[in-house]
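This report refers to the structure that appears directly beneath it.
Nothing in this text is a laboratory measurement; each read-out follows from the coordinates by a stated rule. A quick note: this is a predicted structure, and the numbers were derived from the prediction, not measured. Note: ideal-geometry Cβ built from the backbone for every residue, glycine included; neighbour counts use all protein chains shown.
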Amino acid sequence: MFKKKKLLSIFVSVSLALILSMSLFLAGCNGGGSEPRTDAEMINVTSGVLTIGSDCDYPPFVQMQGDKPVGFEPEILQAIADELGLELEYLPPQNFDTILASVASGTKMDVGASSFTITDERKQLVSFSLPYFDSNQAAVALISTSYTSAMDFDGLTVGAQSGTTGADWVRENLTGSGTTLKEFNQASELMASLAAGDIQAAFFDEPAAAQYVATSYTNCHIVEVIPTGEQYGFAVSKDNPGLLQAINDAMISLKKDGTFDRIFLKYFPDLKPPSLGT
Amino acid sequence: MVAVLSLLVSFMAPPTQAQGLTVKKTTATSNQITGNQIIGGVPTRITWEATVDRNEAVKQITLVFPEGSSLGEHANTKATVLEGTIRLDTKFTSTISNTQTVVVFDELVESDLLIRLEMFYVALPEASGEYTLTGSYIDATGREIKLEESQTISVIAATTVDQITQWMDDQPWVEAWNSVLFLKIFLNPQYLVASVPALFFGWLRSLGLVLVGFPLAIPIGLGISFLRMARFGVIRFFAAIYVNVIRGTPLFLQIYIAFFGLPLLGVSLDSYVLGIIVLAVNSSAYLAEIFRAGIQSIHKGQFEGSASLGMNPVQTMFHVILPQTIRRVIPTATSEFILLYKDTARLAAVGVMEQMMFAKSLVASSGNMTPYIVSAGYYLLVTLPLTKIIAEFEKKLAAAEGSTEAPVKKPKRRLFGIGSIETLIPQKKPDEPLENSRSAKKLRLDEEEGPHDKHD
C-alpha cells in the first residue's frame, strides 16, 4: 500500500514538474527573440538564428558533405536567412517523420526543410511557406526486373521513406492483398534495401530518385514517374505567423532580384523555376 | 486511345456526346488512425484523375458524391493540371457541398493534359460498400457531357476502436487535455487508445525475434566460451576475435552489414529470419563472456575433486561445473535477454516488421508521438517483470550459496518499488581484465562489462 502511494506521488510530482517547466519554457519563448528587421512577432528558437531541421539525405535538395548540409535547400535558406539578417543553422540530421511534429512543438527548430510536400493534412499541424519546387512521385526498381508501371507492384513488397507522400501513395493506390509497405528513415536506406532485393520497388520523389539512379545506384532505374503535381514548402509552426510572413517576403524578394532563380537553375538547369505567385 | 474509347462508349449506352475525358483513377486515402482502410462517415481525401482526350477541352468539372456523403471541417477541392509530369499554373475556383463538388477552370484545359482533383475532408457514406463518383464536365462549346463512372472505392463501417476515438473527439475533457501541445502530441488520448491494439502484433513480432534469437544464442555462446578456454592457443585466439569483434562494434552496424551486404553476396534470406540470426550472433558473443566468467568462477578444487572421483573433463564439465555455472549466470544472462529484447528495436531501421516499425509508421502517418509512448509501455511489459525476477533470483542465490561465494549485496535503489534496477545501471569497470578472478564480487563486475559496452 505504502509503495503504491509513493509510486503515485512520484508520478504526480514528475508530471507536474514537466508541465510546469514546459509552460515556463513556452512563456519564455513567447517573450523574446524578436528581430529588428521584420515584424516584431517573428519568433526564433534561438534569437538571431534561423534553426533548420532536415533529414539531410535527399540529394539534390539536401545532403551532408562532411558535417555540412549542401544542396538546393541549404542555399535557398541561406539566402533567406541573409535577407532576414539571421544566422543559418542546421540541426544534425533528423528523422524525416519527426520533423513536422518538432516544428509544431516550436521548441527545437524554426523551420522544417526536408522537401515537404504541402498537403492539407500536414497543414493541420504546421504552416507552409510559398511552394518552392514542383515534384512528382517515382517508382524505382532494379534494371534487371521487367516492371513497366507503378501499378505492377500491387501485391508485392515495396518500400518508401517513413512519413512521406510516397508512403501515402503506396497505401492509397497499391491496395491489393499481399502488398507490404516497408518504411525507412532515410532515402539512402531505402535505396540500399532496393539494391539488396529486400523490396521490389522504392517509392519516393522523382528528383531525388533521378539523382540516386544517376549516381550511386546505376543498377536501378525509374520505372514510372507518377504525376502527382505536389509542391514543396518550408514548414513553420502555426503559432509563428510572423516568421512565416518573413520567410515568404524574403522568398518573394529573392525571386524578384533573381537570386532564387539563379540558385534554382544551378541545381535544376532543365526545369522552370516556380513563380512563387509573383 | 480513341479506338478504345469509342469501344467503351459503344458498350456503355453513351450519353449524347462521345466521352472526351478519360477517368484514370479514383482513390481515397485511409482515414483510420491505425490501418489502411477507409471508414464511412469519417472525412477522407478523395483523389480523382482524368486525362483530356484529343480534340477536347474542359472548362468545368462536376463530381457527384455517393448519396449519404457529408463534409468535414475545412472541406475543399484542389485542382492540379499536369502536362506529362510538369505541373501547370492553372487557376481555378471550386465549390463543395454534401452532394457534389464543382471545379471551374479560369482557362480551358487542353487535350492530353492530366487533371487531378483532390477533395479534402469528404466523408463517404457510413454504410460499408463500394462507392463510385459520377458527374459531368463542360467542354469548350459549353456542352455538358456525362462522365464515365469512376473506379470504386471500398468503404468499411467503423471498427470499435474507430468508434471509441470518434467518441473521444467530441468529449470536452479530451479537448481540454489536447489543448496543451505537449499532452496533445505525446499523450494524446485518441492515439493512446488506437495504438494499443495496433501495436499488439508488432509487440508479438518483437517478442518472437528475441524468443527465437536468444535460445539460439545460448548454445553458440556456450560453445564459444569453451573455445575461449581451449587448450590450444590458436583456437582461443579465433574465439577471442569472434567475441571482441562482435562486442567491439555497434549492433547497428552489424545489422546494416548483414542486411545490405549479404544480399549483394547472393545470400538472400527473409528479413525476419536474418534479423533473428543477427540478434543471435550478437548476443552469443556477450553470452560467451558471461558463461566463461561463470565457469571460471567455480573453484579449481572442484575440477581436482571430480578428477579424483574418476570423472573425465567432459563429465566434470557437464555434471559438476555447468550446473553450478547456470545458476550463477542466470541473473546476468537475463539482463542480456532484456538488452537483446530492447535491441530488436534497431531492426526497424532496415525494414524488419517489428514493434518499433509499427510505432514508427503510426507516428509517421499521424505526426503524433503517442504511439512511441504506447510502444514504451509494451517494452516495459516485458522488461519490468524480468527485472523483478532477476532481483528475486539474486536474493535466493545469495541465500543458497552462503557468505563467501555469494554475490555481494549492494545497497539497492528501488525503482518505484517494482524491483532492483541495479542490474541495468552501469557498474564501474575493473581496472584490469579478470581472467582468473574467482571472487564472486569481481565476477559480477566482469559479467556486466559486456552488455554495457553495447550501448556506449
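Residues whose amide H lies under 5 Å from that of residue A:185, counting only those 5 or more places away or on a different chain, are A:162; hydrogens are built 1.01 Å from N in the peptide plane. Taking chain A as a Gaussian network of alpha-carbon nodes connected by springs under 10 Å, the highest mean-square fluctuation of the residues A:265, A:254, A:243 belongs to A:265. Close amide-amide hydrogen proximity is noted between residue B:297 and no other residue 5 or more places distant or on a separate chain, at a cut-off under 5 Å (H modeled in the peptide plane; Pro and chain starts excluded). Our summary gives chain A a relative contact order of 24 percent, counting only alpha carbon pairs under 8 angstrom and 6 or more residues apart.
Inverting the pair-averaged 1/r between distinct Cα atoms of the range B:2-158 gives 16.0 Å as its Kirkwood hydrodynamic radius.
Sorting check: for B:303-311, B:329-337, B:122-130, which peptide has the highest mean count of neighbouring beta carbons within 10 Å, and how do the rest follow?
Per-residue mean Cβ counts within 10 Å order the peptides as B:329-337, B:122-130, B:303-311.
For peptide A:169-180, compute the average count of partner chain beta-carbon atoms within 10 Å of each residue's beta-carbon. Partner-chain Cβ atoms within 10 Å, mean over residues of A:169-180: 3. Report for chain A the percent antiparallel among DSSP-assigned beta bridges with both residues inside it, nearest 5. The antiparallel fraction comes to roughly 65 percent. Computed about the Cα centre, the dipole magnitude for the range A:224-278 is approximately 180 debye when only Lys and Arg (+1) and Asp and Glu (-1) carry charge, each at its Cβ. Per the Kirkwood treatment, what hydrodynamic radius in Å, one decimal, follows for the range A:135-229 from the mean inverse distance over all distinct Cα pairs? Evaluated over the range A:135-229, this radius sits at 12.6 Å. Overall size of chain A from C-alpha positions, given as principal axis extents largest first: 67, 60, 35 Å.
Looking at the range A:135-229 alone, DSSP beta bridges between its own residues are antiparallel in about 55 percent of cases. Anything in chain A that counts as a DSSP H helix reaching 20 Å or more along its axis (C-alpha) with Kyte-Doolittle mean of at least 1.0? List them, would you? Sorted by number, the helices that extend far enough and score high enough are A:2-31. Restricting the calculation to Cα atoms, the range B:248-348 shows an Rg/Rh of 1.16 when the hydrodynamic-style radius is the Kirkwood one. Taking a straight line from the alpha carbon of residue B:395, these aspartates and glutamates sit under 19 Å away, with near neighbours fewer than eight places off in the same chain left out: B:336, B:405, B:422, B:447, B:448. Considering only A:211, A:174, A:258, the residue lying farthest towards the positive end of the dipole of the range A:164-278 is A:258, judged by Cα position with unit charges set on Cβ.
What does the structure give for B:359-372 when I average, per residue, the other chain Cβ atoms found within 10 Å of the residue Cβ? Intermediate values should be presented prior to the final figure.
Numbers: counts 0, 8, 9, 1, 6, 15, 8, 5, 13, 3, 4, 0, 0, 1.
Per-residue shielding by partner chains comes out at 5.
Residues whose amide H lies under 5 Å from that of residue A:135, counting only those 5 or more places away or on a different chain, are A:230, A:231, A:232; hydrogens are built 1.01 Å from N in the peptide plane.
Legend: mean number of C-beta atoms from other chains within 10 angstrom of residue C-beta atoms, peptide B:182-191, equals 2.
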